Amino acid sequence: MIRTVRDVESEKDEYLRMRKTLWPHACEDEHVEDIHNMVNGIPFYEDEITWKVYVVERPGGRLGGFIEISLRPSVSFAVSTPVAYVEGWYVDAEHRKQGDGRLLMEAAEIWALEKGCRELVSDVEVENVRSHQAHKALGFKEAFRNDEEVYYKKIVKGSD
């Protein structure tokens with residue numbers, strides 16, 4: 001089941017576990033601060049308006065994935081404003097290829113549409129082949145790349 005975070009305190013350990021898996025280079029304090037800001041919609045980058053987080057709930061209440069989306073006034077590689085930006089997208093390895101990633105992205109698109117966005121954008125580290133494949137499978141097109149990241153965008157369903 002896809003839903004928003006219900007109770008940060010009771011779900012923090014599961015959410016933290018997933019974030020540490022996706023971004024092992026970040027320290028725990030940074031993850032905890034980010035979680036607090038995101039679930040409360042508090043921007044922590046200068047160019048953000050707000051945030052939304054959706055999670056995958058597993059039987060027994062455990063979490064199995066998340067998507068973090070920010071709302072930005074604009075980004076250089078999008079033509080419309082505002083823009084929904086997928087900041088993080090993760091599904092536990094043992095639950096991949098079961099449709100949860102797609103459902104998370106669909107929730108992000110619905111949120112983007114509600115916020116008046118025509119485009120949903122994302123970035124992926126160059127070496128993350130699995131994420132490139134997943135983005136392309138969901139209709140993202142490459143906008144540009146540099147030595148470290150590939151930037152993707154897609155038209156939000158229902159915005160045209």
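In this structure, is Ala108 small (Gly, Ala, Ser), part of a helix (DSSP H, G or I) and either closer than 18 Å to Tyr15 by Cβ or touching a residue at least 40 places away in the same chain (Cβ under 8 Å) (or both)?
Numbers: small (Gly, Ala, Ser): yes; part of a helix (DSSP H, G or I): yes; either closer than 18 Å to Tyr15 by Cβ or touching a residue at least 40 places away in the same chain (Cβ under 8 Å) (or both): yes.
In short, yes.
Restricting to the stretch 98-115, and then to whatever is in contact with a strand residue (DSSP E or B) (Cβ under 9 Å, 6 or more places away or on another chain) and either surrounded by fewer than 18 Cβ atoms within 10 Å (Cβ to Cβ) or of a type in the set (Lys, Arg) (or both), can you tell me which residue is farthest from Ala143 (Cα to Cα)? Full working, then the answer.
Taking the stretch 98-115 first, the residues in contact with a strand residue (DSSP E or B) (Cβ under 9 Å, 6 or more places away or on another chain) are 98, 100-101, 103-109, 111-113, 115.
Keeping just the survivors that are either surrounded by fewer than 18 Cβ atoms within 10 Å (Cβ to Cβ) or of a type in the set (Lys, Arg) (or both) gives 98, 103, 106, 113, 115.
Working: Gln98: 27, Leu103: 23, Glu106: 20, Leu113: 20, Lys115: 22 Å.
My answer is Gln98.
Checking the condition under 16 Å from the mean Cα position of the chain (by Cα), closer than 20 Å to Lys154 by Cβ and either in a loop (DSSP other than H, G, I, E, B) or of a type outside the set (Asp, Glu) (or both), which residue from Arg19, Arg102 passes?
Step by step, each of Arg19, Arg102 is checked, and only Arg102 is under 16 Å from the mean Cα position of the chain (by Cα), closer than 20 Å to Lys154 by Cβ and either in a loop (DSSP other than H, G, I, E, B) or of a type outside the set (Asp, Glu) (or both).
Working only within the stretch 67-85, note down all residues that are out of contact with any helix residue (DSSP H, G or I) (no Cβ under 6 Å at 6 or more places or on another chain), of a type outside the set (D, E, K, R) and in a strand (DSSP E or B).
Selection gives Ser70, Leu71, Val83, Tyr85.
Can you tell me which residue is surrounded by the most Cβ atoms within 10 Å (Cβ to Cβ) among those in the stretch 1-29 that are hydrophobic (A, V, I, L, M, F, W, C) and farther than 17 Å from Glu87 by Cα?
Ile2
Take the residues of the stretch 1-16 that are assigned to a helix (DSSP H, G or I) and at pLDDT below 85: which is farthest from Glu57 (Cα to Cα)?
Within the stretch 1-16, the match that is farthest from Glu57 (Cα to Cα) is Glu9.
Could you check the stretch 140-160 and list, in sequence order, the residues that are among the small types (Gly, Ala, Ser) and either out of contact with any helix residue (DSSP H, G or I) (no Cβ under 9 Å at 6 or more places or on another chain) or exposed (fewer than 14 other Cβ atoms within 10 Å of the Cβ) (or both)? Give the derivation first.
First pass over the stretch 140-160, keeping only residues among the small types (Gly, Ala, Ser): 143, 158-159.
Ala143, Gly158, listed by residue number.
For the stretch 127-147, enumerate the residues that are part of a loop (DSSP other than H, G, I, E, B) and within 19 Å of Tyr90 (Cβ to Cβ).
Glu127, Asn128, Leu138, Phe140
Which of the numbered conditions does Gly158 fail, given that it passes all the others? Conditions: (1) without any contact (Cβ under 8 Å) to a residue 40 or more places away in the chain; (2) on the phi > 0 side of the Ramachandran plot.
(1)
The values are calculated or read from the model by the stated rules, or taken from the named source; none is laboratory data. A quick note: this is a predicted structure, and the numbers were derived from the prediction, not measured. Cβ sites come from the backbone with ideal geometry, for glycine too, and all protein chains shown count toward neighbours.
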